[in-house]
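Report on the structure given below.
The values are calculated or read from the model by the stated rules, or taken from the named source; none is laboratory data. Model, not experiment: these values are computed from the prediction. Ideal geometry is used to build each Cβ from the backbone, glycine not excepted, and the neighbour counts take in all protein chains shown.
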Amino acid sequence: MYEYDALIVGAGISGIQSAIDLGDMGYKVLMIDKQSSIGGTMIQLSKVFPTLDCASCITTPKMSTAFHHDNIEVRTLCEVKHYKDLEDGRFEVILKQNPRFVDMDKCTGCNDCAEACPVAAIDLGYDEGMSYKKAVGVPFATALPQKAALDIESCIFCGKCANACPTQAINFDHREEEIPINVGAIVIATGFYETPTIREKYGGGKFKNVITGKQMERLLAPTGPAGGVFRPSDGKSPGSIAYVQCAGSRDATIGVPYCSSICCMFAIKQAMLLSAAVPLAEITVYYMDIRAFGKGYEDFYEEAKAMGVEFVKGKVAQIHEDDETKDLTVSVEVFGEDGGIQKVDHDLVVLSMGVVPQWTADMSKIIPVQLGPDRFIREIRFTEEPGLTSIPGVFAAGMATGPKDIVDSINSGSSVAGKVALWLSGGLREEYEVQYIPLIPTLGK
Amino acid sequence: MSVLKIKPNLIDEMQDYGSFDVNTCFNCGTCTATCPLVKEDSQFPRMLIRLAQLGQSDKLIASKELWACYYCGDCSASCPREADPAEFMMASRRYAIANYDVTGISKSIYKNKLLVFLYMLITGIIITAGLVYADTSRFFGNTDHKLMGGYYYETIHYGGLVFGSLLGLVILLGVYKMYRNIDQTEPLRKQEGLDTKLSLSVKAHLLWTTFWETLINEGALQKRFKREDPSTQPAHRPSRWVIHMTIVWGFVGLAAATALDYLVKDLLLNDPAGFVPIWYPIRLLGIVSGLLMLYGTSYSLYFRWKKVSDYYNTSNFDDWLILTLIWFVGLTGFLATLFVYLPQNLVLGWINAVLIIHVLTVSWLFMLLPFTKFGHMMYRPLALWIYDYQEQKIAYAQSHPMETPEPSPVLTIS
Ligand code: SF4
Ligand code: SF4
């Protein structure tokens, strides 16, 4: 039985931040992630608002600080399988270590295996379906650990990688393992997915040139699949690009009645980046209201307008696809003086999908933290003691508790690290005895 | 210029007329851009929801858009706030009908649905008593015209006339109120001096042509109804348009048959209760119309019961009531006709019941017309006609700029 002070579930930006802070304070931390590399969503992104700093320039140093930290142990392809509250301020957890099929000790990260692999599967992970990937190889250029992993789902068992590997690291005998540990605190930092349901009226995911915000993020990222922005149907450079705001948020019909809080800003950011990446393209953002609430956000919005991005008030109701050209037409009731029903043609449409938690009700059967009505993890006193879940000693950080942008996620990671330190030193016990007032009684109606 | 009243509690007040929740509407316009019937110049449902949120009752009930909607339910299916805009449109129509009714009966039966049964009970007792006991021969001398079952033709005839005139008056007042309302709130009218610009003959002409256009397109063919997205209708069941058309035509056919029957048998032959063979054209018209009506209402009731699609999902009490009444009118009418041609000893016990139900349901149907959703059959075409007329006037004025006297030819000297 291994012992740690804290277990951090999820190695995205807020989990990493928690881990670094706790490690720096001298606590022994185990950080796990179910992916084959740490970095979470942020490592996929292009730039951050409102400073337009490069996202990986912020993420990569933090990733490597955590990864090489003396007090932090990192496990990838690893999940929580079983949990027990020992009632003495500690927890017993059984981790599930999924097989990597590559011996980490032997692999040097040379990526010869990927060269040899004949498979080309759609990369639904890192590249959000915008490119193809091999069944084996280092997950992406800045991945940590810099070790190959083999995806057994897309593998055709030809064995070419095993032959190509100079250190014989490929090992098909790997099996799932159980690792029992004992920890003093748990931080859930499992982040979010993009809203998975696309409205039928927006093509339900069937229109080729209708992509999601995260897919556009990949196209814009310097590490992106094609080094530029293209139309998925024919690879052409789009002449007119539309953003549909609230495409996957504030919509009870797809089960996401809340505001996802990041979509306005990432759309504005992407629109700005597109003005530079595709200088001739006309960019239109269809919105209901722009929620530029953070520091410097409103200025950022004004800047985008000044750059020529067109902001049109109205929610897109339908998108039509031309059968042959795959061009798109959006229908929208536009507000204002010469408003009314408009049908506008665009080459590429980006849906600003919202966010839904990765932590699900099923996961709450393993670690029984309460969920709020929005299905994010409930913070029992989120206005005064953020990060406290319904279980003393189990904390939640980042998007796991609700929509947050990057600044807030990093803040949340740090603040939860503080709470964990308090907890580990015997504090924070009375906080749980207060009569908790539910703060979000209902959602939607 | 009249002043528009604001009703701050309009939405609460409208809850009596349907179950919707437009308080949650955040005015995104998805509904408007989804609606297959919206044109550039008329935007709904969002605009009307906005009016309701602002308490602009007069503008709401005077709007043409109210009647341009045929409740396909597309908007409700796409509303991100699940505010049920389609049901709101339906409720607004009921609300408008209730507000055009001068007697207040409509408002009270929507407020308290049980009152409608009280209303039906009272009128039912009067009618049945009249039918069974009234010996009209005392007043009219002629006792020969006994119908099947021994009822007096005169009772039905004159009783109907009295009821009919009363209802006619209520309807006329309602129509007038509607016209006034549109006239006062209609923004089209604000086109400066339009009315004085056009000559009386032009106006009469436009009134006449738009009347026929409305009658044919909206009444006879229900074109707008048909324009609604066909993709929402699975092929294996009759479309809403077909169902509605059969009810409309069945209804018109029966009304025509009754009127013609009266003309021919009463006025020409002076034998209103006389026997006619089944191939008698007016009788045939009646039978076919009755069957059409039965077909339409049966499907409609069945679909509403089974909730086969969004459109059939929400049924208010008046939907059930009116459809059931029409269904019974059709059935009993058909049976009564059948009885005439069956051996009398076979049907004797049934005749009275069937006839009484028939007369009762027909009377109820007409008595409910100005007070319930059923009133749409007057108000919808009327509103569309008035609006069409206004639009035509504007179009005419625009295409015929003010006739200025021809400039007198100028002699040019070269
Ligand atoms: S779609 Fe719903 S929320 Fe949007 S304007 Fe219409 S009724 Fe309101
Ligand atoms: S019910 Fe259909 S016709 Fe009526 S407003 Fe909604 S979408 Fe338009």
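Checking the condition at pLDDT below 95 and either in the same structural domain as A:SER364 (by TED's automatic domain parsing) or crowded, with 24+ Cβ neighbours inside 10 Å (or both), which residue from A:GLU79, A:GLU87, A:GLU73 passes?
On the way: A:GLU79 fails: at pLDDT below 95; A:GLU73 fails: at pLDDT below 95.
None of the other options fit; the residue is A:GLU87.
Quickly run through the stretch A:335-344 and pick out the residues that are more than 8 Å from chain B (Cβ to nearest Cβ) and surrounded by 15 or more Cβ atoms within 10 Å (Cβ to Cβ). Before you say what the answer is, go through the steps one by one.
So the first thing to find is which residues in the stretch A:335-344 are more than 8 Å from chain B (Cβ to nearest Cβ), and the list is A:336-339, A:342-344.
Those that are more than 8 Å from chain B (Cβ to nearest Cβ) and surrounded by 15 or more Cβ atoms within 10 Å (Cβ to Cβ): A:GLY339, A:GLN342, A:VAL344.
I'd like the residue in the stretch B:63-98 that is within 16 Å of the chain's Cα centre (by Cα), buried (at least 22 other Cβ atoms within 10 Å of the Cβ) and aliphatic (A, V, I, L, M) and, out of all such residues, is nearest to the other protein chains (Cβ to nearest Cβ).
Restricting to residues being within 16 Å of the chain's Cα centre (by Cα), buried (at least 22 other Cβ atoms within 10 Å of the Cβ) and aliphatic (A, V, I, L, M), the top hit is B:MET89.
Looking at the structure I just gave you, is B:GLY296 buried (at least 19 other Cβ atoms within 10 Å of the Cβ), more than 24 Å from B:ILE356 (Cβ to Cβ) and either in contact with a Pro (Cβ under 8 Å, 6 or more places away or on another chain) or in the same structural domain as B:VAL354 (by TED's automatic domain parsing) (or both)?
Working: buried (at least 19 other Cβ atoms within 10 Å of the Cβ): yes; more than 24 Å from B:ILE356 (Cβ to Cβ): yes; either in contact with a Pro (Cβ under 8 Å, 6 or more places away or on another chain) or in the same structural domain as B:VAL354 (by TED's automatic domain parsing) (or both): yes.
Criteria met by B:GLY296.
Please go through the stretch A:391-414 and give me each residue that is more than 16 Å from A:ILE186 (Cβ to Cβ) and assigned to a helix (DSSP H, G or I), ordered by number.
So the first thing to find is which residues in the stretch A:391-414 are more than 16 Å from A:ILE186 (Cβ to Cβ), and the list is A:399, A:402-411, A:414.
Answer for the stretch A:391-414, where residues must be more than 16 Å from A:ILE186 (Cβ to Cβ) and assigned to a helix (DSSP H, G or I): A:MET399, A:ILE406, A:VAL407, A:ASP408, A:SER409, A:ILE410, A:ASN411, A:SER414.
Among the candidates B:VAL22, B:VAL38, B:VAL102, single out the residue that is away from chain A (no Cβ under 14 Å) and of a type in the set (A, V, I, L, M).
Numbers: B:VAL22 fails: away from chain A (no Cβ under 14 Å); B:VAL38 fails: away from chain A (no Cβ under 14 Å).
B:VAL102 is the lone residue from the list that is away from chain A (no Cβ under 14 Å) and of a type in the set (A, V, I, L, M).
Taking helices (runs of 4 or more DSSP H) that fall entirely within the stretch B:1-86, which contain at least 3 residues that are more than 15 Å from ligand 2 (Cβ to nearest atom) and aliphatic (A, V, I, L, M)?
Working: elements: B:10-14, B:30-34, B:46-53, B:57-62, B:65-68, B:74-78.
The helices (runs of 4 or more DSSP H) meeting that bar are B:10-14.
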